[in-house]
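To start, the structure under review is shown below, and the notes come after it.
The values are calculated or read from the model by the stated rules, or taken from the named source; none is laboratory data. What you see is a predicted model, and the numbers here were worked out from it, not measured in a lab. Positions of Cβ are generated from backbone atoms using ideal geometry, with glycine treated the same way; all protein chains shown enter the neighbour counts.
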Amino acid sequence: MNDIAHNLAQVREKISAAASRCGRASEEVTLLAVSKTKPASAVAEAINAGQRAFGENYVQEGVEKVRHFREAGTEGLTWHFIGPLQSNKSRLVAEHFDWCHTVDRLRIATRLSEQRPPHLPPLNVLIQVNISDEASKSGVSLAEVDALADAIVELKGVTLRGLMAIPAPESDYVRQFAVAGQMAVAFTRLKARYPTVDTLSLGMSDDMDAAIAAGSTMVRIGTAIFGVRDYTKK
Ligand SMILES: *Cc1c(COP(=O)(O)O)cnc(C)c1O
């Protein structure tokens, strides 16, 4: 087995173990392979190992990979935009991606909706919550989720699927679980209000177990699959 296939098998194993420890089925948790800065050849290795959902942070780089695999005729992939989104890049996301995890204002949601090509299904969107209330992070506060959700569900070109957060780094499991639990409560409330809501994008390499125990349905893992990133080449 090559490294990426081996790493993927290990990550999947960790997800199953974390799910079974809290009595959840591993199928309830989708693994999003975060391929930012990695070449299409690395993504191809992951595809050969059965991976289908990929996350990208940089619009142009992500679009190149989406095009590459579309031209190669690879079917069944889903591409998730998970980076900060500026208004002037929204069209590229609306035209090429299947999901956007980082919607934190109505203006961006409206642009994505208007720019979504009519021949494609609506773009799946998540509201990003600034759960650790960090000034440097994007995302709305928990108190703002309902109002933004109410407005997003009126838009024709997007489908509200749930919530996403990037909690501040925290090594203590109990504190990780407390933060993840706040997200899970908000997610459960939103799901009760809107039938399209089914996704809580929460959990990275260091807090995956706590996120899954709290109820995450999608974990975002990069380095543990593809190895460390080299930003000097960008
Ligand atoms: C880069 C990134 C990840 C993956 O991080 P790793 O530490 O490489 O596993 C997950 N979520 C978001 C939003 C990211 O930007």
Going by what's in this entry, would Glu64 be described as away from the ligand (no atom under 14 Å from the Cβ), surrounded by 18 or more Cβ atoms within 10 Å (Cβ to Cβ) and assigned to a helix (DSSP H, G or I)?
no
Scope segment 100-127; condition touching a Leu at 6+ places or on another chain (Cβ under 7 Å) and of a type outside the set (Ser, Thr, Tyr); matching residues
Cys100, His101, Val103, Leu106, Ile108, Ala109, Leu112, Arg116, Leu123, Val125, Leu126, Ile127
With the structure loaded, tell me whether Ala224 is closer than 23 Å to Leu8 by Cβ and buried (at least 23 other Cβ atoms within 10 Å of the Cβ) or whether it fails that test.
no
Residue in segment 27-50 that is nearest to Ser216 (Cα to Cα), counting only those that are of a type in the set (Ser, Thr, Tyr) and touching a Lys or Arg at 6+ places or on another chain (Cβ under 8 Å)
Ser35
Flag if Ala42 is within 14 Å of the ligand (Cβ to nearest atom), outside any strand (DSSP E or B) and under 19 Å from Tyr231 (Cβ atoms)
yes
Members of segment 225-234 that are within 12 Å of the ligand (Cβ to nearest atom), at pLDDT below 95 and touching a Ser or Thr at 6+ places or on another chain (Cβ under 7 Å):
Arg229, Tyr231
Checking the conditions here, which among Ala180, Ala186, Ala149 is within 16 Å of the ligand (Cβ to nearest atom), surrounded by 15 or more Cβ atoms within 10 Å (Cβ to Cβ) and not in a loop (DSSP other than H, G, I, E, B)?
Ala180
Could you say which residue among Ser132, Ser90 is of a type in the set (S, T, N, Q) and outside any loop (DSSP other than H, G, I, E, B)?
Ser90
Go through segment 113-149 and give me each residue that's at pLDDT 95 or above and among the basic types (Lys, Arg).
Arg116
Per the filter on segment 190-214, residues surrounded by fewer than 22 Cβ atoms within 10 Å (Cβ to Cβ), away from the ligand (no atom under 12 Å from the Cβ) and without any contact (Cβ under 8 Å) to a residue 40 or more places away in the chain are Lys191, Ala192, Pro195, Asp198
Could you tell me which residue of segment 126-145 is nearest to Gln182 (Cα to Cα), considering only residues that are surrounded by 14 or more Cβ atoms within 10 Å (Cβ to Cβ) and more than 15 Å from the ligand (Cβ to nearest atom)?
Leu142
Residues in segment 24-46: is at least one in contact (Cβ under 8 Å) with a residue 24 or more places away in the chain and surrounded by fewer than 13 Cβ atoms within 10 Å (Cβ to Cβ)?
no
Identify all residues within segment 75-87 that are touching a Gly at 6+ places or on another chain (Cβ under 6 Å) and part of a helix (DSSP H, G or I); write none if there are none.
none
Is it the case that Val197 is modelled with pLDDT of 95 or more and β-branched (Val, Ile, Thr)?
yes
Just one of Arg67, Arg52, Arg24, Arg116 is in contact with a Pro (Cβ under 8 Å, 6 or more places away or on another chain) and charged (D, E, K, R); which is it?
Arg116
So for segment 102-110 (the condition being within 16 Å of the ligand (Cβ to nearest atom), assigned to a strand (DSSP E or B) and under 16 Å from the mean Cα position of the chain (by Cα)), does at least one residue qualify?
yes
In segment 1-19, which residues are polar (S, T, N, Q) and in contact with a helix residue (DSSP H, G or I) (Cβ under 7 Å, 6 or more places away or on another chain)?
Asn2, Asn7, Ser16
